[in-house]
Amino acid sequence: MRPANPDLAPRPGLSRDEMEALQRRVAEAAVFEDELPFDPASVALDDPGATTLTGTDASSDTGPPLIAGIDQAFLDDRAVSAVVVLRGGEVVERAYAVSDLDLPYIPGLLSFREGGPILDALAKLEHDPDLLVFDGSGRIHFRQAGLATHVGVVCDVPSIGVAKSLLCGTPDEDVDGHPKGWNTPIRADDAVDAVGGHPATPETVIGYAFQSRQYDSQPIVNPLYVSPGHRLSPETTVDLVSRLGGDYKLPEPTRLADAYADEVKAQYE
DNA sequence: GCGACAG
DNA sequence: ATCTTGTCGC
């Protein structure tokens, strides 16, 4: 797929101030409201029977939306970016890219380390996804432009950020010990800046904590922190993540991409 | 100076 | 993210 906004793509060689300035531009271009080409209710990876009618006709425009899970694995100074595209629970296509990394991991600047490599992998896709699911935050970010938002805006495709830990923001309730399906809003705090038309008051909901799994006894199972990347409201984002279900903590698209990244990595070492 | 941070 | 044995539980 082709970047709709190449000018906003994370470029190497920028100073910290320039990277932050670019993130603000990305945030301004981001849409945190529902602007989807499909009905969220048509997504049901948990129920294959209701969505498997297009297994042999993946290129058609009909049927369930194309959902892409994205994740990475690392080799020394290179990243293995993997993308797995699903349609109603069926894997339609897989693609990967091995790219050189030019930055270390810096909280708040993740998209400048992983964004480029991910775009390399997305460029190899034959199918254009209707939704991108990232391993990392979207709007739950200091400048409301996390990895999911940055890449989603560059591609101008609806995107979701799924993080295993909270970067910033404050949960309405204590997130521990809740049953599967539970969720609570994450609101902007002092660390979040108002950007473009997006406020960052103590009332502003920038994402949700979502318990995707829970064991029978007491074990510690942290919730997922989901946030809209682009063209999605916080509410629809949690709804979609719950529909991407599966029997594990992470959404199925992400799990498959994670496994694929490890598989490819093994061939390069 | 103190705190705090996706992958 | 990555480096790793054993271990608890369905």
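Only the coordinates and a few stated rules stand behind these numbers; no lab work does. None of these values were measured; they are calculated from a predicted model. No Cβ is skipped: glycine too gets one built from the backbone with ideal geometry, and neighbour counts run over all protein chains shown.
Note the full-extension length gain between A:Glu203 and A:Asp17 as 0.36 nm times their separation in residues minus their Cα-Cα distance, in nm to one decimal.
Contour length minus Cα-Cα distance gives 64.2 nm.
Let's test the formula: R0 of 51 Å, r as the Cβ-Cβ distance of A:Asp102 and A:Asp172. What FRET efficiency results, to the nearest 0.05?
The formula returns an efficiency of 0.85 here.
Could you work out the helix-only [θ] at 222 nm for chain A, with each DSSP H run of four or more residues adding -39,500 (n - 2.57) and the total divided by the number of residues, to the nearest 500 deg cm²/dmol?
For chain A, the value works out to -7000 deg cm²/dmol.
Cut-off under 18 Å on the C-alpha distance; same-chain residues fewer than 8 positions from A:Lys124 excluded. Which lysines are left, in chain and number order?
A:Lys265
I want to make sure I understand the PRE zone here: with the label point 7 angstrom from the Cα of A:Asp128 toward its beta carbon, which residues in segment A:1-36 have backbone N atoms less than 11 Å away?
A:1-4
What's the long-distance tail for chain A, i.e. % of Cα pairs beyond 26 Å?
37
Say we join alpha carbon atoms closer than 10 Å with springs in a Gaussian network model of chain A; which of A:Asp172, A:Asp77, A:Asp193 then has the biggest fluctuation?
With Cα springs under 10 Å in chain A, the top fluctuation among A:Asp172, A:Asp77, A:Asp193 is at A:Asp77.
Explain nothing, just the number: relative contact order of segment A:6-267, from Cα pairs under 8 Å at least 6 residues apart, as a whole percent.
Values: 650 pairs, mean separation 61.4, N = 262.
Answer for segment A:6-267 is 23 percent.
At A:Tyr248 and A:Tyr215, where each label point lies 7 Å from the Cα along Cα→Cβ, what is the point-to-point distance in nanometres?
1.7
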